[in-house]
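Asks: Sharing a structure with you now.
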Amino acid sequence: MKHCSGQPAGPEPRTFYGIGASGGIVVGRALVLMRRTRRAGWYHLPPEQIDREVDRFRTAVDQAEAELKEFRSQLAEDLADSLSIIDSHILMVRDRMILDRTVEIIRTKQINAEWALARALGRIKKKFDRIDDPYLKDRYNDIKYVADRVFGLLSGREMTPLSGIDEPVIIVAHEFSPEDTMGMRSENVLGFVCESGGVTSHTAIVARSLGIPAVLGLEHITRECVTGDRIILDGFSGRVYLHPTPDQQKQYLEYERQHRDFSQELAFYIHLGSETLDGHRVRLAANIEMPDELDTVLRYGAEGIGLFRTEFDYFHREQVPDEEMLYATYRDLVTTLAPHPVTIRTLDTGGDKFSGHLCTSGVRLGQERNPALGLRSIRLSLREPSLFKVQLSALLRASAHGRLRILMPMISSLCELRRVKDIFAQVMEELKRNRLPFNPRVEVGIMVEVPSAVIMADTLAAEVDFFSIGTNDLIQYSLAIDRGNEYVAHMYEPLHPAVLRMIRQTVEAAHSRGIEVSLCGEMAGDVVTVPVLLGLGVDELSMRPSALPFVKRILRHSCSKQLRELGNRVLQCGDGGEVRNFLTSYLPKYYPEEFGQ
Ligand code: PEP
Ligand code: MG
C-alpha cells in the first residue's frame, strides 16, 4: 500500500469476531488488564512432590510479602492509618495460622498448596466465627485478604485494578468474574472485551443488566492489543475493530445514533398492556441482580420481578448480610412493586459465581474440579443450613408485605425439594415462636433448569406453586455445553429441539397441575426466540429490563393461534439449524415491521 504523505504508516486496521454479549457500540482507547488466569483445582500429590509443593507455597508467601512491602513503600508517610493496615498484613503473611497450618496440610493430606491454603483458611474462619467481639471478628477479613493474595500468586492470577480508572477506556482482559463486572459501574468504563466467556455466562448477564457493552470469547485479544490502542467495540454483532480507520469510526458513530433512535421508538410500548392481538395476556417481568436496579425495572414498565438473583447482593458487601438487612431489601422490593409479584430466588452461588466470604466448611467455591456440577446453588444452601435459614427467614418476613414468590434454584430431585421444605417448615415455626408476621401461604416455586427436573416435572408440580424455567442452565446441562466456555459457545443452541421439547414438557406438566410457568433464562429477552417460547405456552417471560419494550412489541403483534401453530411446528424440527432456517422465513412473514427487510 502506498502512503503519499511521507508519514510513517499507522498500525494496520484489524477486525476480530467474538460473541456479542451485551449490546451497544463504543469507540475508545483500550486498557489491557491482565493475562491468562488459571483456576486451581484440587489435586493429590505423590510423596516425592511434597517438598517441591511446600517450596512453591513458601515462594508465593515470599512474593506476597515482597509485593506488600513494595506497595507500602509507594505510600506517603502521612497515610498513617493505611500504613499500619499494610504493616499488619505484612506480619500476617507469615502468621503461623496460615503458614504452618498450610504446610502441615500439604504434608499430611498430600494435596496441592492452593487447596491446603483454602482448608487452613476454613479452619481459621471457624475459630473467628466463635468470637463475639465484632472488632476481633473483623480481623478475619484481613487474614482472608492476605491469604487471597497468596492464593492469587499460587494460581497465577494477577490482581485486577478495576477501581481508580480515571479516564474513559474499553477494558480488555482474559477473563472477568461477574463480581469484577459489577465493579465496572463507572462512567469511565465504556465497555469491555475478554477472551473467555459465553453469551449466558454470568459475566455477560451482569454486563447486559448494567448496560455495559461487551464482547466475549475473543481468543488472544490480550496479545494483539496494547493499552492505548484505539478500538471500536460492537456489542451487538460481537465485532471488535482494532486501529479502526476514520471511515469505520464514522460509520459506527452512525450505527450508534440509529440504535438510540430505535430505543426511543420502542419507548412507546412501555405503557401498553402485555397481550396478543386477540387479548391473551402474558406477564412480562424483569430479572435483576441488585436491588438498586429497581428504578430501571419501573422505567421499562415491568409487571413485577420474575427473577431476583440474590447472590450478587451478598458478593458486593464486605460481609455476609444479616437477616435484618436482607429483610429490609426484600420488603422494599415487594412494597415498591405491589400489586405486581416479586420473585426472589434463594442463593445460587457456585458454578461461575463465587465469593470469598461464602467459603464453606473447607470448600473453596470455584476451586472444585467441576464447579457447574459441584457444590452450587441449593446444594450449598442445604450444606450450610444456617446461611439458608437466615435468608428464608428474611424472605418469609417480607412475604407479609405483598406478593412475594420464593424461588429455589437448581432442584434436581423430589427428595432435595422435600429437604428444602423441611427447612422452610422449621423457619416458619421459629417465626411463629418469635411472633414475627409472615404469609404462611407464600408461593414457593422451583427453577426447572436441570434435565431431571423436566423429566420429573409432573411429580414436582404437585409440590410447588409455580415453575420458572432457567434455560441458561437447562441448555448447559442438557446439551453438555459449559455456558461460560468460549470454545464450545457455537454449540450452545437455545433453539435445539431437545430444549424446546423440554420447555413444552414442563409447561404441560405444570398446566395439568394448575400451576403457572415463567421462563427467566436469556432466551426470554431475545426477540427471535420469544415467539417460539410464547408458542410453547409459557405464562410469563422474565428478562433484563431494557429488553422489555421490544419483547412487548413482538407480543402485541402476535396472535394466539399463530403462536400455537409455531410452537407445534418447531417441535417437529430435527435440529437447531432447522428451527433457525424455519424462523428466517416465518418471522418476516408474521412480523414484517420487526424482521422484514
Ligand atoms: C438460568 O439458568 O436460566 C437462570 C435464569 O439462572 P442463572 O442464569 O442465574 O443461572
Ligand atoms: Mg440457572
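The values are calculated or read from the model by the stated rules, or taken from the named source; none is laboratory data. Given the structure is predicted, the values throughout are model-derived calculations rather than measurements. All Cβ positions, glycine included, derive from the backbone under ideal geometry; neighbour counts span all protein chains shown. When the accessible area is computed, the model is the full protein with side chains, heavy atoms only, and any ligands, DNA or RNA have been set aside. Shrake-Rupley method; radii C 1.70, N 1.55, O 1.52, S 1.80 Å.
Asks: Taking the stated definitions as given, is ARG418 modelled with pLDDT of 95 or more, exposed (fewer than 15 other Cβ atoms within 10 Å of the Cβ), more than 16 Å from ligand 1 (Cβ to nearest atom) and in a helix (DSSP H, G or I)?
Replies: In short, yes.
Asks: Taking the condition of being assigned to a loop (DSSP other than H, G, I, E, B), modelled with pLDDT of 80 or more and open to solvent by less than 40 Å² (accessible area, probe 1.4 Å), how many residues in region 142-182 meet it?
Replies: Of the residues in that region, 1 qualify.
Asks: Scan region 65-115 for residues that are open to solvent by less than 80 Å² (accessible area, probe 1.4 Å), among the small types (Gly, Ala, Ser) and either at pLDDT 85 or above or over 19 Å from TYR140 (Cβ atoms) (or both) and jot them down.
Replies: ALA66, ALA76, ALA80, SER82, ALA113 - these are the residues of region 65-115 that are open to solvent by less than 80 Å² (accessible area, probe 1.4 Å), among the small types (Gly, Ala, Ser) and either at pLDDT 85 or above or over 19 Å from TYR140 (Cβ atoms) (or both).
Asks: Sticking with this structure for a sec: Any idea which of (1) under 26 Å from THR203 (Cα atoms); (2) in a helix (DSSP H, G or I); (3) within 16 Å of ligand 1 (Cβ to nearest atom) is the one SER468 doesn't satisfy?
Replies: If we test SER468 against (1) under 26 Å from THR203 (Cα atoms); (2) in a helix (DSSP H, G or I); (3) within 16 Å of ligand 1 (Cβ to nearest atom), just (2) comes out false.
Asks: Sticking with this structure for a sec: If I filter region 307-332 down to residues being more than 20 Å from the chain's Cα centre (by Cα) and not aromatic (Phe, Trp, Tyr), which single residue comes out as farthest from ligand 1 (Cβ to nearest atom)?
Replies: GLU324
Asks: Filter region 183-215 for residues that are in a helix (DSSP H, G or I) and among the β-branched types (Val, Ile, Thr) and give the result.
Replies: THR203, ILE205, VAL206
Asks: Another one. Kindly provide the set of residues from region 424-440 that are open to solvent by less than 50 Å² (accessible area, probe 1.4 Å) and either within 16 Å of ligand 2 (Cβ to nearest atom) or in contact (Cβ under 8 Å) with a residue 40 or more places away in the chain (or both), ordered by number.
Replies: PHE438
Asks: Please go through region 456-487 and give me each residue that is free of Cβ contacts under 8 Å to residues at least 40 places away in the same chain and away from ligand 2 (no atom under 16 Å from the Cβ), ordered by number.
Replies: Answer for region 456-487, where residues must be free of Cβ contacts under 8 Å to residues at least 40 places away in the same chain and away from ligand 2 (no atom under 16 Å from the Cβ): just TYR487.
Asks: Please go through region 473-509 and pick out each residue that is open to solvent by 10 Å² or more (accessible area, probe 1.4 Å), touching a Ser or Thr at 6+ places or on another chain (Cβ under 8 Å) and within 13 Å of ligand 1 (Cβ to nearest atom).
Replies: Selection gives GLN476, ARG483, GLY484, TYR492, PRO494, MET502.
Asks: Now a separate question. Would you point out which residue out of GLU443, GLU508, GLU449 is within 15 Å of ligand 2 (Cβ to nearest atom) and either out of contact with any Leu (no Cβ under 6 Å at 6 or more places or on another chain) or closer than 27 Å to ASN370 by Cβ (or both)?
Replies: Among GLU443, GLU508, GLU449, only GLU449 is within 15 Å of ligand 2 (Cβ to nearest atom) and either out of contact with any Leu (no Cβ under 6 Å at 6 or more places or on another chain) or closer than 27 Å to ASN370 by Cβ (or both).
Asks: Let me ask something else. Here are GLU508, GLU486: which of them is on the phi < 0 side of the Ramachandran plot, of a type outside the set (S, T, N, Q) and assigned to a loop (DSSP other than H, G, I, E, B)?
Replies: GLU486
Per-residue answers, yes or no, for (1) among the charged types (D, E, K, R); (2) open to solvent by 40 Å² or more (accessible area, probe 1.4 Å):
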| residue | (1), (2) |
| --- | --- |
| LYS250 | yes, yes |
| GLU254 | yes, yes |
| PHE262 | no, yes |
| SER274 | no, no |
| ARG299 | yes, yes |
| GLY304 | no, no |
| GLN319 | no, yes |
| TYR330 | no, no |
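Asks: Scan region 446-471 residue by residue and report those that are polar (S, T, N, Q) and open to solvent by 10 Å² or more (accessible area, probe 1.4 Å).
Replies: SER452, THR459, listed by residue number.
Asks: Further, regarding this structure: For region 526-548, which residues satisfy the criterion of being part of a helix (DSSP H, G or I) and either among the aliphatic types (A, V, I, L, M) or open to solvent by less than 10 Å² (accessible area, probe 1.4 Å) (or both)?
Replies: Across region 526-548, the qualifying residues are VAL530, PRO531, VAL532, LEU533, LEU534, GLY535, PRO545, ALA547, LEU548.
Asks: Here's another thing I want to ask about it. From (1) in contact with a helix residue (DSSP H, G or I) (Cβ under 6 Å, 6 or more places away or on another chain); (2) open to solvent by 50 Å² or more (accessible area, probe 1.4 Å); (3) closer than 23 Å to GLY350 by Cα, pick out the condition that doesn't hold for MET325.
Replies: Here MET325 meets the rest and fails (1).
Asks: Considering only region 293-402, give the helices (runs of 4 or more DSSP H) lying wholly within it that have at least 1 residues that are modelled with pLDDT under 90, within 16 Å of ligand 2 (Cβ to nearest atom) and small (Gly, Ala, Ser).
Replies: So the answer is none; nothing clears 1.
Asks: Identify the residue in region 383-415 that is crowded, with 19+ Cβ neighbours inside 10 Å and among the charged types (D, E, K, R) and, among all such residues, is nearest to ligand 1 (Cβ to nearest atom).
Replies: It comes out as ARG405.
Asks: Still on this structure, please answer the following. Within region 453-465, which residues are more than 13 Å from ligand 1 (Cβ to nearest atom) and either under 17 Å from ASP348 (Cβ atoms) or not in a helix (DSSP H, G or I) (or both)?
Replies: Matches in region 453-465: MET456, ALA462, GLU463, VAL464, ASP465.
Asks: Something else now. Just to be sure I understand, how many residues within region 511-541 are more than 27 Å from PRO592 (Cα to Cα), in contact (Cβ under 8 Å) with a residue 24 or more places away in the chain and away from ligand 2 (no atom under 16 Å from the Cβ)?
Replies: 5
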